[in-house]
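Read through the structure below, which is laid out as structure tokens, and then see the notes.
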Amino acid sequence: MLIDEAVIQKRLDVLAEKILEDFQGKPLVVVALLKGALLFMADLLRRIPVPMEIECISVASYHGGTETSGKVEFLDRTLPDVDGRNVLLLDDILDTGGTLHAVIDKLNEHGAKEIKTCVLLTKDIPRERIREADYTGFVIGDEFVVGYGLDYQGRYRNLPYVGILKDSAI
Ligand code: 5GP
Ligand code: MG
Ligand code: MG
């Protein structure tokens with residue numbers, strides 16, 4: 001166990017409050033990255049009572065292992081309409097930054113007006129692209145974590161907490 005359920009839920013109150021302040025009066029489209037951001041998205045957005053559209057896109061970079069492949073693949077045939085809109089981009093974790101970097105590029109190509117990034121977790125490692133998200137839940141060490149949306153080979157996403165995967169489970 002790294003971050004327990006109650007601690008996550010409390011932190012979401014704080015994140016939601018900041019987001020609410022920043023997006024006051026701005027029509028908002030939320031773009032969440034599947035599947036890792038699923039639980040985070042559901043718990044965070046119910047705390048942000050403003051008009052919003054919720055969109056999800058699927059990207060892959062891990063291919064099931066514990067090391068990123070470095071190449072980000074967009075799995076949807078079409079992307080949500082972000083032209084001229086304020087986007088809140090949600091992901092589970094900021095690791096190398098490759099994923100958010102690629103998605104931000106894509107959303108910019110599609111005419112997004114403003115993009116703010118929000119992640120539940122950020123790994124405390126040096127990064128060239130995307131040093132930090134605009135909203136961060138927790139900074140963690142350089143460990144492979146699962147739970148609260150994050151998987152190892154498709155498992156553990158439904159855990160209500162974030163834990164470090166034991167070597168014996170790999
Ligand atoms: P990045 O592109 O920033 O290197 O990695 C982002 C994606 O890699 C995340 O959306 C997540 O899917 C995956 N990822 C990175 N670190 C971890 C981790 O510790 N555990 C799990 N389960 N996925 C991770
Ligand atoms: Mg992901
Ligand atoms: Mg994964």
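The values are calculated or read from the model by the stated rules, or taken from the named source; none is laboratory data. Since the structure is predicted, the reported quantities are computational estimates derived from the model, not experimental observations. So basically every Cβ, Gly included, is an ideal-geometry build from the backbone, and we count neighbours across all protein chains shown.
What the table shows:
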| quantity | calculated |
| --- | --- |
| Of the criteria (1) under 16 Å from the mean Cα position of the chain (by Cα); (2) more than 12 Å from ligand 2 (Cβ to nearest atom); (3) closer than 21 Å to Leu28 by Cβ, which one Thr122 fails | (3) |
| Qualifying positions in the stretch 78-96 - more than 11 Å from the chain's Cα centre (by Cα) and either modelled with pLDDT of 95 or more or among the aliphatic types (A, V, I, L, M) (or both) | Leu79, Pro80, Asp81, Val82, Asp83, Gly84, Arg85, Asn86, Val87 |
| Subset of the stretch 136-170 [under 23 Å from Leu15 (Cβ atoms), more than 14 Å from the chain's Cα centre (by Cα), of a type in the set (Gly, Ala, Ser) and not in a loop (DSSP other than H, G, I, E, B)] | Gly163 |
| Sole exception among (1) surrounded by 12 or more Cβ atoms within 10 Å (Cβ to Cβ); (2) more than 14 Å from ligand 3 (Cβ to nearest atom) for Leu34, by number | (2) |
| The stretch 37-64 - residue that is over 18 Å from His101 (Cα atoms) and among the small types (Gly, Ala, Ser) and, of those, nearest to ligand 3 (Cβ to nearest atom) | Gly64 |
| Residue count for the stretch 1-51, restricted to those that are within 16 Å of ligand 2 (Cβ to nearest atom) and basic (Lys, Arg) | 1 |
| Top-ranked residue in the stretch 31-63 [being in a helix (DSSP H, G or I) and away from ligand 1 (no atom under 16 Å from the Cβ); ranked as nearest to Lys113 (Cα to Cα)] | Leu45 |
| Among the residues listed as Thr78, Thr99, the single one being polar (S, T, N, Q) and within 29 Å of Asp13 (Cβ to Cβ) | Thr99 |
| Selection from the stretch 52-73 of residues that are modelled with pLDDT of 95 or more and more than 12 Å from ligand 2 (Cβ to nearest atom) | Met52, Glu53, Ile54, Glu55 |
| Complete set of residues in the stretch 139-158 that are of a type in the set (A, V, I, L, M, F, W, C) and away from ligand 2 (no atom under 16 Å from the Cβ) | Val139 |
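Let's see how each residue does on (1) of a type outside the set (D, E, K, R); (2) assigned to a loop (DSSP other than H, G, I, E, B); (3) in contact (Cβ under 8 Å) with a residue 12 or more places away in the chain:
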{"site": "Val87", "(1), (2), (3)": "yes, no, yes"}
{"site": "Leu90", "(1), (2), (3)": "yes, no, yes"}
{"site": "Ile93", "(1), (2), (3)": "yes, no, yes"}
{"site": "Ala102", "(1), (2), (3)": "yes, no, yes"}
{"site": "Lys106", "(1), (2), (3)": "no, no, yes"}
{"site": "Ala112", "(1), (2), (3)": "yes, yes, yes"}
{"site": "Arg127", "(1), (2), (3)": "no, yes, yes"}
{"site": "Ala133", "(1), (2), (3)": "yes, yes, yes"}
